[in-house]
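The values are calculated or read from the model by the stated rules, or taken from the named source; none is laboratory data. Keep in mind that this is a model prediction, so the values were computed, not measured. With ideal geometry, Cβ positions are generated from the backbone for all residues, glycine too; neighbour counts draw on all protein chains shown.
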Amino acid sequence: MDDMLMDNPVRKFREERGLSRSDVCRQSGISYTTLGNIEQGLVLDITLETREKLLAFGYPDTIDMDYLKWKEEMEISMGNKTADIIRNKIAYRRRLMDQ
């Protein structure tokens, strides 16, 4: 589980730049709790508002899809049923992007 958390794309982006959660929160306007919940995989999906703040901070525009893919892998590895919901979200987002 800890290895999976390290692969969280939101966390990886932050850590690769040598930033703390506090740094990202102060500079992006995202609450510390929200960022912590995302990085720990407690959030099913990144909200549009949080996505916009991440993008403005410099995260790649695929961060929400990257997160969903990571979350799906994590859920599958843990045997959770949430993976089906996440798969549906990914498929829906892909359809939207293709329009």
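Here are a few things to note about the model shown:
- Residue match in the stretch 48-57 (condition: closer than 30 Å to residue 26 by Cβ, surrounded by 16 or more Cβ atoms within 10 Å (Cβ to Cβ), among the aromatic types (Phe, Trp, Tyr) and within 13 Å of the chain's Cα centre (by Cα)): no
- Test result for residue 39, surrounded by 12 or more Cβ atoms within 10 Å (Cβ to Cβ) and under 10 Å from the mean Cα position of the chain (by Cα): yes
- Residue 87, sole failed condition from (1) within 14 Å of the chain's Cα centre (by Cα); (2) part of a helix (DSSP H, G or I); (3) surrounded by 15 or more Cβ atoms within 10 Å (Cβ to Cβ); (4) modelled with pLDDT under 95: (1)
- Hits in the stretch 34-54 - residues which are in a helix (DSSP H, G or I) and either in contact with a Cys (Cβ under 9 Å, 6 or more places away or on another chain) or among the small types (Gly, Ala, Ser) (or both): 34, 35, 36
- Within the stretch 24-46, residues that are at positive phi reach partners that are of a type outside the set (Val, Ile, Thr) with beta carbons closer than 7 Å, at six or more positions or on different chains, in the pairs 29/53; 41/5; 41/8; 41/71; 41/74.
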